[in-house]
Amino acid sequence: MKNKRIQRSTIEALVLLATLVVVFTLLGSRMGSGNMLKTIMNTAHDLLLNTVFYLMGITVLTGALSKLMSEFGVVNLLERFLRPLMKPLYNLPGVAALGAVMTFLSDNPAIIALSKDRNFSSYFKKYQLISLTNFGTAFGMGFVVMITMIGYGQLTGALVGLFGAFCGSIISTRIMQRNCLRAYPELDAPVNEEGVTEEVQDEEEKKNGIFMRFLNAILDGGKNGVELGLQIIPGVLIITTAVIMITFGTGPSGVYDGSSSQGVPILPWLAGKIHWVFEWLFGFTHMELIAFPMTALGAVGASLGLLPTFNAAGLLDGNAIAVCTAIGMCWSGFLSTHTAMLDSLGYRKVISKAIGAHAIAGLCAGIIAHFTFLLVSLV
């Protein structure tokens, strides 16, 4: 057994080294090794200054707003308003609407915090509780995505994308529930928790005046926004830099000079081989846009980091914004969060089903957004 582990470790190390040698040799042979290294550093530095801090500014503001809405009952009001839609659309109890609101205002893991609350989870059957990972993820960082997209002057495209993500959330949740019940019929049972009791504010909180509650809410929410902004730094710098290096060419200069956002257009070349698929399904006329959904698989914050480069290259139009909003919000880095979320709930055995359902739903969200945008454009 020990020899097998050593052999496996050796194979993995050799495969990794071979992959790195092939990738860097390919990039270096086209760009020049010095220019390649300079581009990597300059791209990461540019992303940190011009993208990460911009996104952090958004997360701080949206974090403060979401905490304010929670403190003064707006979230509960939205939950009561959305409750009648939950059973027919998602086959979930009405309280699940609160999970959609919270993940939309924050990020995917917010749904897990709710799922672990005894009062909240007592409304669910086991398969329904598990499906919250797909349901909540489809709205993860939705507020940040929407505000970022609207910032490019494409309100209609962003709203169409929101509709696409909404449709994707239904598809993902329903497929997940169906697959779980098929594979594990025993999950069709209530979650064994105690009865529901109303949450009551602490006496200390009751004594605080409106001004102090307002101040504490925006400061605490802003602090949470800073933490979220810090969490997206590795994804933006590492993943986005790697994607840019295999997506874009020399840029306006026409030569490799070590500037940021240069690279070897491997990804567009591969996508160009089946360009008709992306043109028909998503309406993409520029194959570089494929980088957005691919990056959103791991981190939606990193995919948002691609937008300034897309915009500078003139690739963003209403349809691109709609499709990227739908896929980005629906997938919202599910490959990097689904495993941890389901593991924390104690249902690691359904991870593959959750990932498969969400992959299908994200593609459907993008397709729906594209054809919906075409219809809206005709009006």
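Some notes on this structure:
- Taking the criterion of being polar (S, T, N, Q) and surrounded by 15 or more Cβ atoms within 10 Å (Cβ to Cβ), the only residue of the stretch 342-362 that qualifies is SER344.
- Test: residue in the stretch 270-292 that is outside any loop (DSSP other than H, G, I, E, B) and under 15 Å from the mean Cα position of the chain (by Cα): yes
- ALA18 being outside the structural domain of ILE147 (by TED's automatic domain parsing) and over 19 Å from MET146 (Cβ atoms): yes
- Residue match in the stretch 156-163 (condition: modelled with pLDDT under 90 and touching an Asp or Glu at 6+ places or on another chain (Cβ under 9 Å)): no
- For the stretch 239-262, filtering for residues that are free of Cβ contacts under 8 Å to residues at least 60 places away in the same chain and part of a helix (DSSP H, G or I) leaves 1.
- Within the stretch 211-240, the set of residues being among the β-branched types (Val, Ile, Thr) and modelled with pLDDT under 85 comprises VAL226, ILE232, ILE233, VAL236, ILE238, ILE239, THR240.
- Residues of the stretch 299-347 that turn out to be small (Gly, Ala, Ser), farther than 17 Å from LEU55 by Cα and either within 14 Å of the chain's Cα centre (by Cα) or not assigned by TED's automatic domain parsing to the domain that holds MET102 (or both), as a count: 2
- Of the helices (runs of 4 or more DSSP H) lying entirely inside the stretch 67-150, the ones with 1 or more residues being β-branched (Val, Ile, Thr) and modelled with pLDDT of 90 or more are found at 126-137, 142-150.
- Checking each residue in the stretch 4-48 for being exposed (fewer than 10 other Cβ atoms within 10 Å of the Cβ) and on the phi > 0 side of the Ramachandran plot picks out no residue at all.
The values are calculated or read from the model by the stated rules, or taken from the named source; none is laboratory data. If you're wondering where the values come from, they're calculated on a predicted model, not measured in any experiment. Backbone-built Cβ (ideal geometry, glycine too); neighbour counts: all protein chains shown.
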